[in-house]
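The values are calculated or read from the model by the stated rules, or taken from the named source; none is laboratory data. The structure presented is a predicted model; accordingly, all values stated were derived computationally and were not measured. Virtual Cβ from ideal backbone geometry, glycine too; neighbours counted across all protein chains shown. Areas reflect the complete protein model, heavy atoms only, side chains present, ligands, DNA and RNA absent. Shrake-Rupley method; radii C 1.70, N 1.55, O 1.52, S 1.80 Å.
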Amino acid sequence: AATLCAGAGYVAYVAYGKPTPTVDYVAKINEPLQALPIPDRAWPQVRETMLQMLPTLDLFNGLVTPDPKPDDPVWAKVAEGIVTLRPLVPKIIEAVAKPHWGFVYGKDGSDYLDQRRTVLNKPPEPVVELDPLVPPTLGMLLPHLSDVRGVGKFLAQNAKDLIRNGHFTNAWESFDTIHRLWMHQMAGRTLIEQLVGASLIKLANNEMQAT
C-alpha cells in the first residue's frame, strides 16, 4: 500500500499559531487523542481487522473500475474476495460504532506500516538518517488510509452483492458502515484524512443511488 504522508504543519499553524521547531506540534495534536478511553476508540479494532483482511484487501484497494459487473474480467476475483472478507464485516461494524476514531499520529502510523509489512512478508523499510537541521515535527505517516479506502470499496461491493441476493438489511448495514467510516475520517486532524472521508461518502452515495 502506498504510504501517505500528510503535512501536519498546516494543521499546527491553524491550531497553535506560527510553526516553530521548538514546539512538537504532533505531540500537541495527539494530546486530546491520547486522553480518549481505549474502549471508545475505533482505530485499534479497525487496525486488527484490516490486518486480517490482507492480502485480499489489496484487491479492493486496486480496483480501477468502481462498479465491476459480473461480465467484467475482474469479477471472478472480486466475487471471491467478497466471500473471503464477508465474515469480518461484523468486526468492522462493531469498531466504527465507537464514538471516536482514536488514531494517534506518528506512533500508530509507523506501527501499522510495520505490522502490514509483517503480514505481507515484506522486508522492513530502510532506516533513513534524518537531517538534524530539519524539525521532525511537521510531517506524519498515514499508511492506513489506503486500506481504509479499500475497506470502503469492499463494503460497497459487499452491499451490492447482498442486494442481488435479496439480503437488504445486511446490505444497508454495509452502506451504513461506510458512512460511519466517513464520519471518523472527517473528524481527522489532517486534510488527507478528510479527503479520504469525502471519497468514502461519495462512493457510498453513488452506489446507493445506483442500486
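Only residues that are part of a helix (DSSP H, G or I) and open to solvent by less than 50 Å² (accessible area, probe 1.4 Å): list them for segment 60-88, please. Outline the logic, then answer.
At the first step, the residues of segment 60-88 found to be part of a helix (DSSP H, G or I) are 60-61, 75-88.
Residues satisfying the conditions are F60, N61, W75, V78, A79, G81, I82, L85, L88.
Picking from L130, L113, which residue would you name as being open to solvent by less than 40 Å² (accessible area, probe 1.4 Å), out of contact with any helix residue (DSSP H, G or I) (no Cβ under 6 Å at 6 or more places or on another chain) and modelled with pLDDT under 95?
Details: L130 fails: open to solvent by less than 40 Å² (accessible area, probe 1.4 Å).
Only one candidate passes the filter, namely L113.
Go through V83, V78, V64, V89 for me and flag whichever is free of Cβ contacts under 8 Å to residues at least 12 places away in the same chain and closer than 21 Å to N165 by Cβ.
Going through V83, V78, V64, V89 in turn, just one is free of Cβ contacts under 8 Å to residues at least 12 places away in the same chain and closer than 21 Å to N165 by Cβ: V83.
Where the second residue is of a type in the set (S, T, N, Q) and the first is in a helix (DSSP H, G or I) and lies in segment 190-204, which pairs have Cβ atoms under 6 Å and are six or more apart or on separate chains?
E193/Q185; V196/Q185; G197/Q185
Would you pick out the residues in segment 163-176 that are in contact with an Asp or Glu (Cβ under 9 Å, 6 or more places away or on another chain) and over 16 Å from N206 (Cα atoms)?
H167 - this is the single residue of segment 163-176 that is in contact with an Asp or Glu (Cβ under 9 Å, 6 or more places away or on another chain) and over 16 Å from N206 (Cα atoms).
With L191, L195, L181 as the choices, which residue is open to solvent by 80 Å² or more (accessible area, probe 1.4 Å) and at pLDDT 95 or above? Talk me through it step by step, then tell me what you get.
Details: L191 fails: at pLDDT 95 or above; L181 fails: open to solvent by 80 Å² or more (accessible area, probe 1.4 Å).
Answer to the selection: L195.
Could you tell me whether L203 is buried (at least 23 other Cβ atoms within 10 Å of the Cβ) and within 23 Å of T56 (Cα to Cα)? Walk me through how you get there before you give the answer.
Details: buried (at least 23 other Cβ atoms within 10 Å of the Cβ): no; within 23 Å of T56 (Cα to Cα): yes.
When the stated conditions are applied, L203 does not pass them.
Name the residues in segment 89-105 that are buried (at least 20 other Cβ atoms within 10 Å of the Cβ) and closer than 27 Å to E31 by Cβ, would you?
A95, V96, K98, W101, G102, F103, Y105 - these are the residues of segment 89-105 that are buried (at least 20 other Cβ atoms within 10 Å of the Cβ) and closer than 27 Å to E31 by Cβ.
Yes or no, residue by residue, for (1) exposed (fewer than 14 other Cβ atoms within 10 Å of the Cβ); (2) more than 16 Å from E94 (Cβ to Cβ); (3) modelled with pLDDT of 95 or more:
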| site | (1), (2), (3) |
| --- | --- |
| A6 | no, yes, no |
| V11 | no, yes, no |
| Y25 | no, yes, no |
| K28 | no, yes, no |
| P39 | yes, no, yes |
| R47 | no, no, yes |
| M50 | no, no, yes |
| M53 | no, no, yes |
